[in-house]
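Each reported figure results from applying straightforward, stated rules to the coordinates on display, with no laboratory input. What you see is a predicted model; the values in this text were computed from it and never measured. As a convention, Cβ positions derive from the backbone with ideal geometry for all residues, glycine included, and neighbour counts pool all protein chains shown.
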Amino acid sequence: MTRLTLAAGALALAAAPAALAAPPDRSAVVETYADIAAAKYADSLASAERLQAAVDALISAPSAQALEAAKDAWVAARVPYQQSEVYRFGNAIVDDWEGKVNAWPLDEGLIDYVAPAHGFAEGENDLAQLNVVATPAFTLSGQEVDAAEITAALLQDVLHEADGVEANVATGYHAIEFLLWGQDLNGHGPGAGTRPWTDYAQGPDCTGGNCDRRAEYLRAATDLLVSDLAWMTAQWAEDGAARAAVTEDPSSGLLAMLTGMGSLSYGEQAGERMRLGLMLNDPEEEHDCFSDNTHNSHYYDGLGVRNVYLGRYVGIDGRVVSGPSLSDLVAAADPALDAELQGDLAATMAALGDIKTAAEAGFAYDMMLERGNAEGEALIMGGVTALIEQTRGIERAAEVLGLQALEVEGSDSLDDPEAVFQ
Amino acid sequence: MRGLLVGLLLAVAPAATAAQTPDPGAIVDAHILPGYRTLAARAAELDRAAEADCDPSSATLRQAYGDAFDAWVRVSHLRFGPSEEHDRAFALAFWPDPRGAGPRTLAGFLQEGGAEVADLAAFRDVSVAARGFYALERLLHDPDLRAAAAGDDARVCALIRLVAADIAQVSAALLVAWVDGHSDLMRGAGDNDVYRSRDEALRQLFTALSTGLEFTSAVRLGRPLGTFDRPRPQRAEAWRSERSLRHVRLSLEATRDLARHLSAGDAALDAAFARAIERVDRLDDPRFAGVATPQGRVRVEAVQRAVNEIRAQIAGELGPRLGISAGFNALDGD
């Protein structure tokens, strides 16, 4: 039966070489995109709640095991969240919000103790050494701030991006990462941050000082992460605003999909997160620098891009969300381009997989960044090159779908250049 | 009568469109190659000047630095092809540097020397933040940084010569890569896999135009402007050598030239450039120190607004007329 069908297919192809598969309905493609977003944010929320439980356990009964359990929960929570990053660009609702949960890089000295810093970034950030865990009252832009109690409001309304400096990251995954791991002081050597569990011990065992305030900070930041993710999950629900924004006008929804894929692939991941670190040979340019989890961060970002194109996501419980895809649309218009772009996306996953494989075997990402480390450079550049290559394919897909002809609102595009495929 | 007129217009329209479609090869010859030739020549002169006199206060050396930097800014919008290969553009011009990676690395070299600064071959492997024009600006115009050498003038001199020689070498390599490779790819757009059609080559040039203007607006002007409550004059580009405003003008001149080629001399677009340049010329504030005062700030904002008007015309009118839109650029993202 299968053979017969194949033969019939071959006949049909031979008879009508120019015939193309019928394209799926564009509105069905953006529905898949919205469904996958809803699943990714719901998974991000569920895994952040597990992190929250682990943090509660660490704070109520500090121990080495409790700290390790919280770190494990953080690493697991990154898996669905990183796959959602492709929704950042192109969706104003996500882009306006994402700084609260995933801002990076950060001047972590704002939050807690750090090793003595080097200067030369004058005029950039007066708060880079604030250490709010040790500082219950301070002056910020001429205003007295009462930080006797470390609350969610203090973090998100006062400290986050304080003084208009983006490196003042007080909330989100990376603030929590720093509170769990501490600074990675190994430079290009092996090893992540080594914050002792006793930084959360109450009473005489406390190390690093102000363990009660550090615990208060960690709890407030984790609670905020959960509530921020709950908010975003709701935006993609049946009546959510982010869903409506992409489904009401399928063409602009498709544009958002391609904008997200291209902006994350090119400017953000290939450029800002991978090539820059290599060019600077700076271990602090690692994306998940405290936990040494950068290889996973890059891998799941790349996977998120491919999810959007193929219209398929595997959830944290193994369920599969899938439906009519961009790939189907492109294949109906230009099968060769679809095959090529699928190949490009697969090549990127293989290259990012090489980085992940080597890192998990002990060749950490910050070691790859070291000046003169030819193997590390080749691994990272393999990912960069593949990401740049797939960006060309994404641009071509937009053209094949006739999306570049969309009218670009001048001022919107200038205020928010990422929001449009201008 | 009306029917006849419409028929005539229809007959004429395709020919007019064809005549107005820009030729990427012509833009390579008239806009791109001259820019890179000048850069390579000025960078070679900079190298010779540093060899002849490496005193940071030498007027000849500072002049050569300024001339070569000018030539770089005039091609700084062309961020594709040879400038992206081997990190050449970053090696010439790593800015902004909010974490101070450049001066931190340079200070280390001035304090300790080391194998990285033993010769040019080794130096080409160091962090891009310690190479190129912005590194040279620090060495020539930042006495606090030079103090890291603790009076060892020979060490300062050697580092200045290294950075200058590296700039010359990278600039020469850029020109070679254009002349011997990328020029033909653009000319032969449609016959190669980098540019599969003339439209793809034009999209690359259009992306360079819009990204160059976005950089001038958002970074060259936006960084020092900061916010009304918190202006950031120390974040201005190359303020130590008082080149901040100059770079805005040079980049506008260069993108204006590219826009003329892409738009077949569109008078309205050219007038928008003229208005922006006029506002630059009325602004007597070479390093944007004025952003710290309300009056000075308003005038810098006026320049930024004029640049944004150009960008709106390019995105809203030139792109649709050419049937192309900008591709992704390095400013996408954070």
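Using only Cα atoms, tell me the angle between helix B:294-313 and the longest principal axis of chain B; keep it within 0 to 90° and round to the nearest 10.
40 degrees
Using θ = phi - 60° and the Karplus curve 6.51 cos²θ - 1.76 cosθ + 1.60, what whole-Hz ³J(HN,Hα) does each residue of the range B:154-162 get, with Gly and Pro shown as x?
Result, ordered by residue: 5, 5, 4, 4, 4, 5, 4, 5, 5 Hz.
Starting with the fewest neighbours, write out B:Cys157, A:Cys289, B:Cys54 ranked by other beta-carbon atoms found within 10 Å of each beta-carbon.
B:Cys157, B:Cys54, A:Cys289
Where does the charge balance sit around A:Pro250 when Lys and Arg score +1, Asp and Glu -1, over other residues with C-beta under 13 Å from its C-beta?
With Lys, Arg at +1 and Asp, Glu at -1, the neighbours total -2.
Placing unit charges on C-beta atoms (Lys and Arg positive, Asp and Glu negative, everything else neutral), compute the dipole magnitude of the protein assembly as shown about its Cα centre in debye, rounded to 20.
Dipole magnitude for the protein assembly as shown comes out near 1760 debye.
In chain B, if the dipole is taken from +1 on Lys/Arg beta carbons and -1 on Asp/Glu beta carbons about the Cα centre, which of B:Leu269, B:Pro34, B:Ala302 is farthest to the positive end?
With unit charges placed on the Cβ atoms, the residue in question is B:Ala302.
Just checking the output field for A:157-164: average partner chain Cβ neighbours within 10 Å of each residue's Cβ?
Other-chain Cβ atoms within 10 Å of each residue's Cβ, averaged: 1.
Can you list the residues, at least 5 places off or on another chain, whose amide H is less than 5 Å from the amide H of A:Phe138, using H built in the peptide plane?
Amide H neighbours of A:Phe138: A:Val145, A:Ala147.
As I understand it, the dipole of the protein assembly as shown uses +1 on the Cβ of Lys and Arg and -1 on the Cβ of Asp and Glu, about the Cα centre. Which of A:Ala220, A:Val384, B:Ala289 lies farthest toward its positive end?
The residue sitting farthest along the positive end of the dipole is B:Ala289.
State the extension gain, in nm to one decimal, for the chain segment bounded by A:Ala21 and A:Ala237, taking 0.36 nm per residue of separation less the distance between their alpha-carbons.
The A:Ala21-A:Ala237 span can extend by a further 74.6 nm.
Summing Lys, Arg as +1 and Asp, Glu as -1, what charge do residues with Cβ under 11 Å from the Cβ of A:Leu341 carry, A:Leu341 excluded?
Result for the local shell: -3.
What does the highest-first list of A:389-402, A:186-199 look like by mean Cβ count within 10 Å?
A:389-402, A:186-199
Provide the FRET efficiency to the nearest 0.05 for the B:Glu84-B:Val219 pair, computing r from the beta carbons and using R0 = 22 Å.
Efficiency at R0 = 22 Å is approximately 0.80.
Under a plain spin-label model, where a point goes 7 Å from the Cα along Cα-to-Cβ, how far apart in nm are B:Asp55 and B:Asp281?
3.7 nm
Once phi is turned into ³J(HN,Hα) by the Karplus curve 6.51 cos²θ - 1.76 cosθ + 1.60 with θ = phi - 60°, what whole-Hz value does each residue of the range B:138-152 show in order, with x for glycine and proline?
For the range B:138-152, the Karplus curve yields 4, 5, 7, 10, 10, x, 4, 5, 4, 4, 4, 7, 6, x, 7 Hz.
Tell me what the protein assembly as shown gives for mean residue ellipticity at 222 nm when only DSSP H runs of n ≥ 4 count, each as -39,500 (n - 2.57), the sum divided by the residue total, rounded to 500 deg cm²/dmol.
After summing the helix terms and dividing by residue count, I get -18500 deg cm²/dmol.
Which residues does a label at A:Ala230 reach in the range A:138-172, if reach means a backbone N under 15 Å from a point 7 Å past the Cα toward the Cβ?
Zone members listed by number: A:152-153.
Note down the magnitude of the dipole of the range B:227-308 about its Cα centre, charges +1 on Lys and Arg C-beta and -1 on Asp and Glu C-beta and zero elsewhere, to the nearest 20 debye.
Result for the range B:227-308 is approximately 320 debye, rounded to the nearest 20.
I need the shape label for the range A:229-334. Rule: rounded when a/c is under 1.5, else prolate if a/b > b/c, else oblate, with a, b, c from the alpha carbon gyration tensor.
prolate
Go through B:208-214, A:324-330, B:62-68 and give me the packing order, highest mean Cβ count within 10 Å leading.
Top of the packing list down: B:208-214, A:324-330, B:62-68.
On full extension of the chain, what length is gained from A:Asn186 through A:Thr247, given 0.36 nm per residue of separation minus the C-alpha to C-alpha distance?
17.2 nm
For A:Arg312 paired with B:Ala302, estimate the spin-label separation in nm (one decimal), with each label point 7 Å from Cα along the Cα-to-Cβ line.
Here the answer is 6.0 nm between the modelled labels.
Across the residues of B:97-107, average count of Cβ atoms on other protein chains within 10 Å?
Per residue, the average neighbour count from other chains is 6.
Give the angle, between 0 and 90 degrees and rounded to the nearest 10, that separates the Cα long axis of helix A:26-60 from the longest principal axis of the Cα atoms of chain A.
So the helix axis and the longest Cα principal axis differ by about 20 degrees.
How tilted is helix B:244-262 with respect to the longest principal axis of chain B? Cα atoms for both, answer in degrees (0 to 90, nearest 10).
Once rounded, one gets 30 degrees.
Evaluate peptide A:279-288: per residue, the Cβ atoms of other protein chains within 10 Å of its Cβ; return the mean as an integer.
Counting Cβ atoms of other protein chains within 10 Å of each residue's Cβ and averaging gives 4.
At a Förster radius of 35 Å, what calculated FRET efficiency corresponds to the Cβ-Cβ distance of B:Ala154 and A:Ala346, to the nearest 0.05?
Efficiency, rounded to the nearest 0.05: 0.05.
Under the Karplus relation 6.51 cos²θ - 1.76 cosθ + 1.60, θ = phi - 60°, what is the ordered set of whole-Hz ³J(HN,Hα) values for the range A:248-264, x standing for Gly and Pro?
5, 10, x, 5, 6, x, 5, 4, 4, 4, 6, 4, x, 4, x, 5, 5
Peptides A:358-368, A:140-150: what's the order by average Cβ count within 10 Å, highest mean first?
Highest to lowest by the protection proxy: A:358-368, A:140-150.
Hey, rough spin-label estimate for A:Glu144 and B:Ala118, points 7 angstrom out along Cα→Cβ, what's it come to in nanometres?
6.0 nm
Residues with beta-carbon under 9 Å from that of A:Leu67, excluding A:Leu67: net charge, scoring Lys, Arg +1 and Asp, Glu -1?
Once all neighbours under 9 Å are counted, the net charge is 0.
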